[in-house]
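This report refers to the structure that appears directly beneath it.
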Amino acid sequence: MTTIEIRSKEIEKLRHNINEHNYRYYVLDDPIITDAEYDALYKKLKEIETAHPELVTVDSPTQRVGAKPLKAFAEVKHVVPMLSLDNAFSDEDVEAFDQRVKDRLKIHHEIEYACEPKLDGLAVSIIYKNGMLVKAATRGDGETGEDITENIRTIAMVPLHLRGDDCPTLLEVRGEVYMSKKGFMKLNAEAEKKGEKIFVNPRNAAAGSLRQLDSRITASRPLEIFCYGIGVVEGTPLPNTHAGILECLKKWGFRVSSDTRVVKGAADCLAYYHAIEKKREGLSFEIDGVVYKVNSIAEQSKLGFVSRAPRWAIAHKFPSEEVTTIVEDVEFQVGRTGAITPVARLKPVFVHGVTISNATLHNLDEIRRKDIHIGDTVVVRRAGDVIPEVVMVIKDKRPSSAKKIHLPHKCPVCHSEIEQLEDEAIARCSGGLFCSAQRKEAIKHFAARRAMDIEGLGDKLIDQLVDQALIENPADLYALTLDQLANLDRMGEKSAQNILDALESSKKSTLARFIFALGIREVGEATAKNLAKHYADLKPLFSATVEELQTIQDIGPVVAHHIATFFSEKHNQKVIDELLKAGIHWEKIQKSSNELPLAGKTFVLTGTLKTLTRDAAKEKLESLGAKVAGSVSNKTHYVVVGEDAGSKLDKAKALGVPVMDEDEFIRFLQKSV
């Protein structure tokens, strides 16, 4: 054998041994060699690869770091959306969730659930092709994330190559990247010595570490991961339970939580919750609750999804930690829609890993209900471990100097009148487009990553542009010149050109992003996507009625009113027209062709169908060109009724809309194909 062949075999053996020891250490938690022995193996492999660089492969344990720093993260479209979970905060919430699952599945026996701790970290997607790690991404907005492949490769417990011969040809693994309590303390201690940034909690530290453009920085951070599920998979049949899939992941080399349990019924779920709650402080990592998932994959499929969350899973959050502090003052902030929000300035207090110095008081009604005064000693908590809020006042400690909180008569920013409608708890500035606070926030929302994604156009730069009267609305952004930008504070010609380039790049967008960017009250990303899908263009939105809008998925009367009002306003239409003239465009959404047999027809489905699920019926109708609405109106062409049809059937009869039972519907579909 030649020297190269000998070295090649030696390298292959070393890699195999190192990978096996990694698996035993990180996945099985059962190491059989010391750290010193492991380091010796790694050092030997490194030396041989240095001497023979032609033998280095991308999946070698030594190749976790090595890429050049990135200029920016590329976008990654998730083939299967990474959905968020609905939350439960009480035993009653969990019992209600369990009952909903039973009702939807039409069963009476106890449901089997897979239970696991809910880590307080960052959700990621990792893709393997033919056993090799090829792509990793953040969750992002659930549909599009950021490419963090090089950073994920630096995490030692993420396998670069899958174990075993039965692994899928394509596998997408979902997991939570986090930082242990010990690792977090060590990182902050080292940062403090160097005079660098101190992270406020492990989650922020993990998120910041994973989003470094230089993977060498990520490699220096003590990141860990637990895997909890899959997305896309091809080439290998999977078990029919969630717990079985976790066992497969473990076999293929992934670290899964040893605290995962399979239980039956709500009572056992709650017992698991309380058991984990007792262990919480002793765990080496932060958790903020537990997750219950229907264990049967078939039952998960039947349950499906609603909006941005699965019906078959729920997160049961731990109670928020509560502490006492003093309300030192109250300030009123103006939001981008003109909402006036009172904010309590608190004597700083440490709550579950974060120092809190302010908390929202929501509105004046809430202040009156809780009887909050300036100078009061109050109980504060982080709602859902995230948003600081004042829970209650300790009235026994109220000083004689305590002051009542009054809503100001004038906007604190533009001094316009503040008005409050009788049926609304929220007071609003009447300044509209004249209020710089609203202009700034509206433009900041427009430029945000999940909206028009204008890179580099941060809050401080927008503040300058508005304060110097260079822009008054989002359309003005696209008329900015190099000289105007270059003359701003902390800007030079190169930075100014980068902003202009980012503005130019943002012109190619999607209709859903553009609608979301407009900042219509209560129109989030999901609603914007539903509007884009339904109308496929902006013009129909200008004349959409409240009644028509309510036929769209997840849009009720309040949101429909906000949308109709926004698009009926001439000044809004004018700004939109200016934006389109500036060059903002998107690929035209292909609506159902007029040549399809059911084009132009609107159907409403109600009751339970035996032969088809409602989702399958809807998909079939849409594939034939029909629109499926959520409510019956005089624009409905047909109503399809299953068992236990309710008020929609009554309304159809009242309006004289044709009604089909399931058998008639099936025959109708067969004729329409």
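Scanning the stretch 499-556 for residues that are hydroxyl-bearing (Ser, Thr, Tyr) and over 30 Å from Asp483 (Cβ atoms) turns up Thr510, Thr527, Tyr535, Ser543, Thr545, Thr551. The single residue among Gly265, Gly289 that is under 24 Å from the mean Cα position of the chain (by Cα) and closer than 26 Å to Gln99 by Cβ turns out to be Gly289. Considering the stretch 353-431, the qualifying strands (runs of 3 or more DSSP E), each wholly inside and each with 1 or more residues that are in contact with a His (Cβ under 8 Å, 6 or more places away or on another chain) and at pLDDT 85 or above, run over 387-393.
Filtered by the rule that a residue be of a type in the set (A, V, I, L, M) and either at pLDDT 95 or above or assigned to a strand (DSSP E or B) (or both), the stretch 277-296 gives Ile287, Val290, Val291, Val294. With respect to the stated conditions, Ala437 is part of a helix (DSSP H, G or I), surrounded by 17 or more Cβ atoms within 10 Å (Cβ to Cβ) and small (Gly, Ala, Ser).
The residue pairs whose first member lies in the stretch 156-178 and is over 22 Å from Ser215 (Cα atoms), whose second member is of a type in the set (Lys, Arg) and not in a loop (DSSP other than H, G, I, E, B), and whose beta carbons are closer than 9 Å, counting only pairs six or more residues apart or on different chains, are Arg163/Lys251; Gly164/Lys251; Asp166/Lys251; Cys167/Lys251; Thr169/Lys129; Leu170/Lys129; Leu171/Lys129.
Where helices (runs of 4 or more DSSP H) sit wholly within the stretch 196-270, those with at least 2 residues that are among the polar types (S, T, N, Q) occupy 202-210, 215-219. All of Thr3, Thr34 fail the test of being modelled with pLDDT under 75 and either at positive phi or of a type in the set (S, T, N, Q) (or both), apart from Thr3. Each residue in the stretch 133-157 was checked for being surrounded by 20 or more Cβ atoms within 10 Å (Cβ to Cβ) and farther than 21 Å from Lys77 by Cα, and 2 of them qualify. For the stretch 158-189, taking the residues that are charged (D, E, K, R), out of contact with any Phe, Trp or Tyr (no Cβ under 6 Å at 6 or more places or on another chain) and over 23 Å from Ser284 (Cβ atoms), the one that is surrounded by the fewest Cβ atoms within 10 Å (Cβ to Cβ) is identified as Asp165. Of Val559, Val523, Val575, all but one fail to be touching a Pro at 6+ places or on another chain (Cβ under 7 Å) and either touching a residue at least 40 places away in the same chain (Cβ under 8 Å) or closer than 22 Å to His445 by Cα (or both); the exception is Val575.
Candidates are the residues of the stretch 508-525 that are basic (Lys, Arg) and surrounded by fewer than 16 Cβ atoms within 10 Å (Cβ to Cβ); the one that is nearest to Pro557 (Cα to Cα) is Arg521.
The values are calculated or read from the model by the stated rules, or taken from the named source; none is laboratory data. Given the structure is predicted, the values throughout are model-derived calculations rather than measurements. Cβ atoms come from the backbone with ideal geometry, glycine included; neighbour counts cover every protein chain shown.
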